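Quick notes on the structure that follows.
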């Protein structure tokens, strides 16, 4: 798709000598054509936010020349799918339960339709199994450093494929509140029994992949 600068030059030439209404119509047609090209080529996605003269969601025909008309694409389905693929490939294979237990959280809620996630959202991917921390950091034995670390692998895969200029991928250990998933939070055990939640909290902190689009 044309860059912002090229877009502006093309529009200036296309609208020269036109009335305000005709110029707006030409701008809108040009923008929609470029949008369709970007989506068809894979450079953009069908999930985007439109800005017309800085107004979010305004119709293309309401543009005041020379614009701009700006489409901010969200490629969350592609990015999240790549992260999950890397996480699953590095998961323990004994029963397959761990690989099936990754969850995606946006705005404090589970999300399964990634196409509806807004471009500026923060995406959290973690695993609901109570042994997720042990899988990520190891048991402390002599082979712990050799064990696959799923979240590290996923962070590297996402950063390598999409680049740090497109997506920020970090690993953090999070306190995830109740109400998001029935298995979360898992209360840590001591002396063979689960601890009661104390004022400071005794819940498991969940290793998580934190994803943000780079502005």
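The values are calculated or read from the model by the stated rules, or taken from the named source; none is laboratory data. Remember, predicted model here, so these are calculated numbers, not experimental data. A quick note on method: Cβ atoms are made from the backbone with ideal geometry, for glycine too, and the neighbour counts reach across all protein chains shown.
Table for the structure above
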| item | result |
| --- | --- |
| Filter pass, residue 61 being assigned to a helix (DSSP H, G or I) and either more than 29 Å from residue 203 (Cβ to Cβ) or outside the structural domain of residue 176 (by TED's automatic domain parsing) (or both) | yes |
| Verdict on residue 133 being at pLDDT 95 or above and within 19 Å of residue 99 (Cβ to Cβ) | no |
| Boolean, residue 96 is on the phi > 0 side of the Ramachandran plot, surrounded by fewer than 12 Cβ atoms within 10 Å (Cβ to Cβ) and outside the structural domain of residue 180 (by TED's automatic domain parsing) | no |
| Residue identified as at negative phi and modelled with pLDDT of 90 or more among 2, 31, 14, 38 | 31 |
| Positions within the stretch 34-58 being in a helix (DSSP H, G or I) and touching a helix residue (DSSP H, G or I) at 6+ places or on another chain (Cβ under 6 Å), in sequence order | none |
| Subset of the stretch 159-176 that is in a loop (DSSP other than H, G, I, E, B) and in contact (Cβ under 8 Å) with a residue 24 or more places away in the chain - its residue that is nearest to the chain's Cα centre (by Cα) | 166 |
